[in-house]
Amino acid sequence: MRQSLIEALSYPRELVRNDMDLDDCPHNGLYDDKDGRCLACPQQPECEWLYNNEEFAALEQKPIAEILGALEIASDYVAAQIAYWEHGSRRCGCTSCTWLRHAVRLVDQAHAA
């Protein structure tokens, strides 16, 4: 289950990275909770999520509940994007809609386990 959850975070990481504007970021998207500029940045939630769930974040050592929480946040993010794009996520075959259906099933399975 842990590996499936970790693998599922790959697509939203890509989506978040692509949606962020890092032109004025002093840390090039590497969130720093000690820097007031990061705390006041309008991209702070996405940047902090990305920093905490990036491939280098030692996800294998994190508690499964923390990884599951990250996937739930990612699901909400992708669902918001899908709503903005006005996709019919139940039937649409695009990458985001397909990923969301898979992620919802995975989260349900993890909660049932």
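The values are calculated or read from the model by the stated rules, or taken from the named source; none is laboratory data. Since we're looking at a predicted model, the values are computed, not measured. Positions of Cβ are backbone-derived with ideal geometry, glycine not excepted, and every protein chain shown enters the neighbour counts. These area figures cover heavy atoms from the full protein model, side chains too; ligands, DNA and RNA do not enter into them. Shrake-Rupley method; radii C 1.70, N 1.55, O 1.52, S 1.80 Å.
Those residues that are touching a helix residue (DSSP H, G or I) at 6+ places or on another chain (Cβ under 8 Å), charged (D, E, K, R) and more than 30 Å from ARG91 (Cβ to Cβ), I need them from the range 56-80; list them, please.
Keep residues of the range 56-80 that are touching a helix residue (DSSP H, G or I) at 6+ places or on another chain (Cβ under 8 Å), which gives 57, 59-60, 64, 67-68, 70-75, 77-79.
Checking which are charged (D, E, K, R) leaves us with 60, 72.
GLU60, the sole residue that qualifies.
If I go through the range 1-52 residue by residue, how many of them are of a type in the set (Lys, Arg) and in contact with a helix residue (DSSP H, G or I) (Cβ under 7 Å, 6 or more places away or on another chain)?
Qualifying residue count, the range 1-52: 3.
Need a quick list: helices (runs of 4 or more DSSP H) entirely within the range 1-70 having at least 1 residues that are more than 12 Å from the chain's Cα centre (by Cα) and either surrounded by 11 or more Cβ atoms within 10 Å (Cβ to Cβ) or of a type in the set (Val, Ile, Thr) (or both). Break it down stepwise before answering.
Details: elements: 2-8, 10-19, 36-40, 44-53.
Here the list reads 2-8, 36-40, 44-53.
Can you name the number of the only condition in (1) out of contact with any Gly (no Cβ under 9 Å at 6 or more places or on another chain); (2) under 17 Å from TYR77 (Cβ atoms); (3) aromatic (Phe, Trp, Tyr) that TYR51 fails?
(1)
In contact (Cβ under 8 Å) with a residue 60 or more places away in the chain, open to solvent by 20 Å² or more (accessible area, probe 1.4 Å) and of a type outside the set (S, T, N, Q): does that describe ILE73? Spell out how you get there, then give the answer.
Numbers: in contact (Cβ under 8 Å) with a residue 60 or more places away in the chain: no; open to solvent by 20 Å² or more (accessible area, probe 1.4 Å): yes; of a type outside the set (S, T, N, Q): yes.
Against the criterion (in contact (Cβ under 8 Å) with a residue 60 or more places away in the chain, open to solvent by 20 Å² or more (accessible area, probe 1.4 Å) and of a type outside the set (S, T, N, Q)), ILE73 does not qualify.
For the range 83-113, name all the residues that are open to solvent by less than 60 Å² (accessible area, probe 1.4 Å) and under 14 Å from the mean Cα position of the chain (by Cα).
SER96, TRP99, LEU100, ALA103, VAL107
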